[in-house]
Amino acid sequence: MDPINAFVLLANFVLVPALAYGSQLALGALGVTLVYGILRFSNFAHGDFMAFGTMVVILTTWVLQAAGIGLGVLPTALLALPVGIVALALYALAAEKLVFGFYRRQRVKPVVLVMASIGVMFVTNGIVRLIIGPGDQRFEDGGRFIFSVREFREWSGLAEGLALRTAQGITIVVALVVMVALFWFLNRTRTGKSMRAFSDNEDLALLSGINPDRVVRVTWILAAALAVVAGTLYGLDKGFRPFTYFQLLLPIFAAAIVGGLGNPMGAIAGGYLVAFSEMTITYAWRRFLGHLLPEGWTPEGLAQILSVDYKFAVSFAILVLVLIFRPTGLFRGKAV
Amino acid sequence: MSVNWRNISLFAALFVALGMVWTFQSPTLALTIVNMGLISAIMALGVNMQWGYAGIFNVGIMGFTAVGGLAAVLISMPPVGAAWSAGAFGAILGLMIGAATIFAAVLVTRRMVPGWPRMLTLIAVLGVGWTLNRAVFVPAINAIEAVNPASEGYLGGLGLPVLLAWPVGALLAAGAAWMVGKIALGLRSDYLAIATLGISEILISVLRNETWLARGVKNVTGIPRPLPGPAEVRQQDWLPGLADTLGWSVNQTAQVVVQLGYATLFLIVLGLLIWLAEKALNSPWGRMMRAIRDNETAARAMGKDVTKRHLGIFVLGSATCGLAGAMMVTLDGQLVPTAYEPLRFTFLIWVMVIVGGSGNNWGSVLGGILIWFLWVQVEPAGRWLIDVATIWLGEDSALRAHLLGNAAHMRLLTMGLAMLLVLRFSPRGLIPER
Amino acid sequence: MSGPVLIGDAMTGGYGAADILHDCTIAVEKGQIAVIVGPNGAGKSTAMKAVFGMLNIREGQVRLNGRDITKLTPQARVAQGMAFVPQTSNIFPSLTVEENLEMGAFLRRDDFRTTMEQVFDLFPILRDKRRQAAGELSGGQRQQVAVGRALMTQPSVLMLDEPTAGVSPIVMDELFDRIIEVARTGISILMVEQNARQALEIADKGYVLVQGRNRFTDTGQALLADPEVRRSFLGG
């Protein structure tokens, strides 16, 4: 019996990575849920929006690196983040002006907007691959670890080690800051409140003199900022590849739906729920059990519920369970 | 019914475009486009049944076509005897345990009252089932995968004629669709979209990772062909004469003959499907489906079981996609799980349906072939465009080389633009619903 | 200043090709309560929507304080001092009571805290529940939020579309009392009511509409006393 080592092992391979991954998903899901709540459609282009913004961040990072500008132990990408946000915000506003705005003014069924978002997804995907190519890009620099396995072992004297990579640490901190800032904005500022009002009851918002175009613009800018932050953090943590970002759509939507579409609190909870489930279900528990069970009881197999290749199945399974037991999501989303 | 010259001229234009490819590029390229275009048209037809007739938003097309493709392997490949004796029993028993577990879990959910006892029973059932499944299944599939892994390492198929795989592929896809539909239909369209997106990713993961089933990422190649191949055609006495008359090489002539054979086969299937679909669309059933699509509440109020009708059409449409998937694997002669990408197999089909005209079967056919034509031809066109547009950068510009290297992705951009333009300026598509 | 604060003068129009209103006139004087009653389908709500600019009228005029506002959008009319409380979906359910009132004052750039205090004085229960989500309140309390939200713009005219629909008789009486109080502060009130008898009791002016036309127009008391009105519209 060795619960301390078991916990450290778990923290290293499940808790810390899931916390980081969950933060990335939560930020992505927040963007999806904001667009859903206010513009009233599921934006299938969100994954590719993330890719677009991250691409700009990567290109800016390269320029900064070439110019010798950096942040020391922190990744240069943090410096490039604002550029990516501005670029994606402009891109999203252009998409609004050229595509989405037209349909919203017609008050079409939401599914038509979803179709249009698929068109935008194709175009964005094409642009990203045209500019940066379909391959992997790594743009992480600065210090690699806040503390490494070896350092942790020396410090604690335990058999198991725990590492915290800079990308993971930054993800958790940045996500926390962004979420707090978002909630402050939505709950404390006039614009934020007007966005929530618009999401609640569009007609009454119009009667109250809330300018719909402004609400829509601010929503796209916020969604863009969230997408770039989520995409950049994911890229720092796991590397950038356009196709991977497209595929993030599934866990992100699962997170948003599980939490209740249109509900920001739910999106965050959903993000962490999906991430932790994915990690615990695809983790090989053999060594963990070895620490906890008496000598000789260690299971022979990997004690892994599903192989890592089936991580999509986890998002899907959670989604299905929620759909069956609580169709409006854990935090009561909008039912439109 | 009056002759619709507009539609006929659209098809004629497409035909002329293909003729130009035949003349200026090569007959084989033209026929390659036609064959895959016909398969795409069938997929589009399937999606059109769901979307155009019933307004069901399915973004899991890729999964259903892949399941259909799997059928081609399971039906036509010769069985691997050693693998069967090594682990078939265990694998099948394991699968049955898995199915029984899920069945038991569903029973528990349905029969017990909500609350902690139900949750605990559910967890216990799933835990026991999973442990049993692992104990039986894992050794069995390890044994199967150890049998001659370089070329086999899977159970193989039934060794039956490959054409049988087409209806079977449709059936497999129908089964998968039934399960998804049971869960997600009747809920909001967004949920169905995400659920279908999810199931398609899972089906592809299964195909990639369950090596014992269809060799996973190692691919199954050499799937038996329904028609003689070019090599056999070359042996025919009449071929050199035909090649002489056409002024082509023997190789090319043989190739074209084979491709025409497939095109005929596909045309027969497509014709049959269109005939059935048109009949269905104009039957009382078709009118009811459209009534449901246009006003679900009213249809419900009239006593129509909307959810059940939706499930029916969802299964039918997915089965059509499965059929097309089996046909595609038959045409390729191989199953390559890594080739299944949602942009290509799900969203491109959507572009076909939207551009062609949702709700109209002929529109789907036109959209299917036209978009596939563009998908193939945009790549060289895009390269040419970038070549011309960046000429001022100079021959040895790195940016120019980089853009030219990525020119293939112009096709995604073009497809998106085509879809957005049609949605905006001709939302009912090229051949609108009547 | 003479003449009514708000008048929809000889309005004719409807949603589509067919007219619903025919030469219909609705007016309200400063600080008074005008009530539109009539059988189902008489065009009561339509008349009110026409006054508020939610449907186009082919003929006739709408004047606010003597100014022609026929061409203005509903939003522009709000800025001119009209406030409208729809019959349903008239609150922001996930916003708190206080935020609902704040949104009512969205157009105002000055300090609206005194107005909010006035609303809280009018509806004391809302002060206690100011931090609660409006969607969690009871039906009557929601209507108070809805009226309070409309009052936040400090309108000269408050328009209410069936404010007592779906609330219990006790709540209805209380709501009418509050509406009288609002009118005493100098705000003109125009409302459509299903509960004709109770509404006419508090009305300075009553309009009985039938098939989009003015059938009877008089003070509330006179209409209540009119035997024909009683027989046809008030159930004896």
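Taking (1) under 27 Å from C:Gly81 (Cβ atoms); (2) assigned to a helix (DSSP H, G or I); (3) of a type in the set (Val, Ile, Thr) in turn, A:Ile170 satisfies each apart from (1). Taken over the stretch C:109-143, the criterion of being in a loop (DSSP other than H, G, I, E, B) and within 21 Å of the chain's Cα centre (by Cα) is satisfied by C:Phe123, C:Ser138.
For the stretch A:1-78, list the helices (runs of 4 or more DSSP H) that sit wholly inside it and hold at least 3 residues that are surrounded by fewer than 18 Cβ atoms within 10 Å (Cβ to Cβ) and out of contact with any Pro (no Cβ under 6 Å at 6 or more places or on another chain); which are they? Let's see the steps before the verdict.
Numbers: elements: A:3-10, A:16-39, A:46-66.
Fully inside the stretch A:1-78 and qualifying: A:3-10, A:46-66.
Farther than 30 Å from B:Pro161 by Cα, charged (D, E, K, R) and in contact with an Asp or Glu (Cβ under 6 Å, 6 or more places away or on another chain): is that true of B:Arg411 in this structure? Before you say what the answer is, go through the steps one by one.
On the way: farther than 30 Å from B:Pro161 by Cα: yes; charged (D, E, K, R): yes; in contact with an Asp or Glu (Cβ under 6 Å, 6 or more places away or on another chain): yes.
Yes.
The residue that is surrounded by the most Cβ atoms within 10 Å (Cβ to Cβ), counting only those in the stretch C:49-84 that are in contact with a Pro (Cβ under 8 Å, 6 or more places away or on another chain) and part of a loop (DSSP other than H, G, I, E, B), is C:Gly53. May I ask you to verify whether B:Pro149 is modelled with pLDDT under 90, within 12 Å of another protein chain (Cβ to nearest Cβ) and surrounded by fewer than 14 Cβ atoms within 10 Å (Cβ to Cβ)? For B:Pro149, the condition - modelled with pLDDT under 90, within 12 Å of another protein chain (Cβ to nearest Cβ) and surrounded by fewer than 14 Cβ atoms within 10 Å (Cβ to Cβ) - is not met. Tallying residues that are within 7 Å of another protein chain (Cβ to nearest Cβ) and charged (D, E, K, R) within the stretch B:405-425 yields 1. Applying the set (1) in a helix (DSSP H, G or I); (2) more than 11 Å from chain B (Cβ to nearest Cβ) to A:Val258 leaves exactly one unmet item: (2).
Of all residues in the stretch C:177-205 being touching an Asp or Glu at 6+ places or on another chain (Cβ under 6 Å) and over 22 Å from C:Asp19 (Cα atoms), which is surrounded by the fewest Cβ atoms within 10 Å (Cβ to Cβ)? First the steps, then the outcome.
Step one: of the stretch C:177-205, the residues touching an Asp or Glu at 6+ places or on another chain (Cβ under 6 Å) are C:192, C:194, C:199.
Add one more test, that the residue is over 22 Å from C:Asp19 (Cα atoms), and what stays is C:194, C:199.
Details: C:Gln194: 16, C:Ala199: 24.
That would be C:Gln194.
Annotation: A:Ala255 fulfils all but one of (1) crowded, with 19+ Cβ neighbours inside 10 Å; (2) more than 25 Å from A:Asn12 (Cβ to Cβ); (3) in contact (Cβ under 8 Å) with a residue 60 or more places away in the chain; the unmet one is (2). B:Ala339 meets all of the listed conditions (1) more than 25 Å from B:Ala13 (Cα to Cα); (2) at pLDDT 95 or above but one, namely (2).
Can you tell me which residues in the stretch A:130-146 are assigned to a loop (DSSP other than H, G, I, E, B) and within 8 Å of another protein chain (Cβ to nearest Cβ)? Spell out how you get there, then give the answer.
In the first step, residues of the stretch A:130-146 are kept if they are assigned to a loop (DSSP other than H, G, I, E, B); the result is A:133-136, A:138-144.
Once the filter is applied, which keeps residues that are assigned to a loop (DSSP other than H, G, I, E, B) and within 8 Å of another protein chain (Cβ to nearest Cβ), the stretch A:130-146 yields A:Gly133, A:Pro134.
Between a residue in the stretch C:100-126 that is more than 10 Å from every other protein chain (Cβ to nearest Cβ) and touching a residue at least 60 places away in the same chain (Cβ under 8 Å) and any residue that is charged (D, E, K, R) and in a helix (DSSP H, G or I), which pairs come within a Cβ distance under 9 Å, given they are 6 or more apart or on different chains? That search, which allows pairs on different chains as well, returns C:Leu122/C:Arg178; C:Leu122/C:Glu181. Residue by residue through the stretch B:372-408, note down the ones that are closer than 19 Å to A:Ile131 by Cα and in contact (Cβ under 8 Å) with a residue 24 or more places away in the chain. B:Val378, B:Glu379, B:Ala381, B:Gly382, B:Arg383, B:Leu385, B:Ile386, B:Ala407, B:Ala408 - these are the residues of the stretch B:372-408 that are closer than 19 Å to A:Ile131 by Cα and in contact (Cβ under 8 Å) with a residue 24 or more places away in the chain.
Filtering the stretch B:190-205 down to residues that are more than 17 Å from A:Val322 (Cβ to Cβ) and at the interface with chain A (Cβ under 8 Å from one of its Cβ atoms), which residue is surrounded by the most Cβ atoms within 10 Å (Cβ to Cβ)? Even if it seems obvious, please write down each step before you answer.
Taking the stretch B:190-205 as the starting set, the residues that turn out to be more than 17 Å from A:Val322 (Cβ to Cβ) are B:200-201, B:203-205.
Right, trim to at the interface with chain A (Cβ under 8 Å from one of its Cβ atoms) and you get B:201, B:205.
On the way: B:Glu201: 24, B:Ser205: 20.
The residue in question is B:Glu201.
If you check B:Gly52 against the conditions, is it over 28 Å from B:Val336 (Cβ atoms) and surrounded by 21 or more Cβ atoms within 10 Å (Cβ to Cβ)? Answer is yes for this residue.
Candidates in the stretch A:261-297 are the residues that are within 14 Å of chain B (Cβ to nearest Cβ) and of a type in the set (D, E, K, R); of these, the one that is surrounded by the fewest Cβ atoms within 10 Å (Cβ to Cβ) is A:Arg286. Taking the numbered list (1) more than 14 Å from B:Ile194 (Cα to Cα); (2) buried (at least 19 other Cβ atoms within 10 Å of the Cβ) in turn, A:Glu300 passes all entries but (2).
Results for (1) exposed (fewer than 14 other Cβ atoms within 10 Å of the Cβ); (2) in a helix (DSSP H, G or I), shown as yes or no for each residue.
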{"residue": "B:Trp248", "(1), (2)": "no, no"}
{"residue": "B:Leu265", "(1), (2)": "no, yes"}
{"residue": "B:Val269", "(1), (2)": "no, yes"}
{"residue": "B:Leu273", "(1), (2)": "no, yes"}
{"residue": "B:Ala280", "(1), (2)": "no, yes"}
{"residue": "B:Ala291", "(1), (2)": "no, yes"}
{"residue": "B:Thr297", "(1), (2)": "yes, yes"}
{"residue": "B:Arg300", "(1), (2)": "yes, yes"}
{"residue": "B:Thr307", "(1), (2)": "no, yes"}
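Residues satisfying the criterion are absent from the stretch A:213-235 (criterion: touching a residue at least 12 places away in the same chain (Cβ under 8 Å), in contact with a helix residue (DSSP H, G or I) (Cβ under 7 Å, 6 or more places away or on another chain) and within 29 Å of B:Thr131 (Cβ to Cβ)).
The values are calculated or read from the model by the stated rules, or taken from the named source; none is laboratory data. Owing to the predicted nature of the structure, the values given are computational and were not obtained by experimental measurement. So basically every Cβ, Gly included, is an ideal-geometry build from the backbone, and we count neighbours across all protein chains shown.
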